[in-house]
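Here is the structure we will look at.
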Amino acid sequence: MEKDTIIKLNKRFEEYAYEQDGVEYWLARELQELLEYTQWRNFENVIAKAKIACEKSGNAISDHFADVSKMVKIGSGAEREQEDLMLTRYACYLIAQNGDPKKEQIAFAQSYFAIQTRKQELLEERIQLMERLQAREKLAATETELSKNIYERGVDNSGFARIRSKGDWAMFGGYNTSDMKRKLGIKENRPLADFLPTITITAKQLATEITNFNVKKNNLNGEAHITVEHVKNNQDVRALLGKNDIKPEDLPVEEDIKKLERRVKTLDKEIAKKNLKAK
């Protein structure tokens, strides 16, 4: 997410915040607009999931989701009562966590409502961490889909590992998976992608997604044909990176994704405690 976009979204979310007795809150109908849900009933489903998550975390739903109502105009000067909810920062955080992560506003909101302070640099740091985690999850899902897809076409688990290693050979300019692990000092029993930067993870995911698509589209069968396809797609994506002077094999190793996941989980527990104390 670009820095200008973060600043713009941060300003917009700030404008929708209210304060009562020193406690920040947001209105659900306005949050619906912020998160770009066009229909209230769809947003209510997300709120319902957030309430369940609130209860499971040991917090009282009524402490974070308060029923309110207001009068709204319906035309010709007439008004009617409309149900709404006052939401604490923690409630908004849970709603964002249960929203569609593909939406840019949701991805931003997950970090915005998680951070007690308004400091811009903290928002940017957490968003970057979440972007890497989400990129890794997408790659894992795409590789799982490819594994299942090619298994039905005569390729076993060992064949899949060879295809993926050949893809890495194409992506990393002649370094296969084991070569890259040695180059970056990664243990052989750990996934290479767990230590790659977001740009490389995303590149691998794109190449794998194209392979998946073309295997189905062209009805490719057997390890040899699928390997040729996967190598080509990784070479094409590498060429695109090269146009921007990016060589994946030269990028430094990143923090172990497992450590990053634990760090985010610990942060989230602290967030829940702080929001409860801030009431």
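Put a dot 7 Å past the Cα of residue 67, heading toward its Cβ, do the same for residue 165, and the two dots end up 6.2 nm apart.
Projected label points at residue 55 and residue 188, each 7 Å from Cα along the beta carbon direction, are separated by 5.1 nanometres. Sorted fewest first by neighbouring Cβ atoms within 10 angstrom, 5, 38, 211 come out as 38, 5, 211. Here the residues 210, 7, ranked from fewest to most Cβ neighbours within 10 Å of their Cβ, fall in the order 7, 210.
Computed over the range 131-262, the convex hull of the alpha-carbon atoms projects to a mean area of 7.6 nm². Fewest-first ordering of 18, 93 by other beta carbons within 10 Å of each residue's beta carbon gives 18, 93. Three principal axis extents describe the C-alpha atoms of the chain; from largest down they are 69, 40, 37 Å. Annotation: the range 3-113 has a Kirkwood hydrodynamic radius of 14.7 angstrom, from the mean reciprocal C-alpha pair distance.
Residues whose amide H lies under 5 Å from that of residue 68, counting only those 5 or more places away or on a different chain, are 84, 85, 86; hydrogens are built 1.01 Å from N in the peptide plane.
Bear in mind these aren't lab numbers, they're just calculated from the coordinates by the rules spelled out. Remember, it's a predicted structure, so these values are computed and weren't measured experimentally. Neighbour counts run over all protein chains shown; Cβ positions are idealised from the backbone, glycine included.
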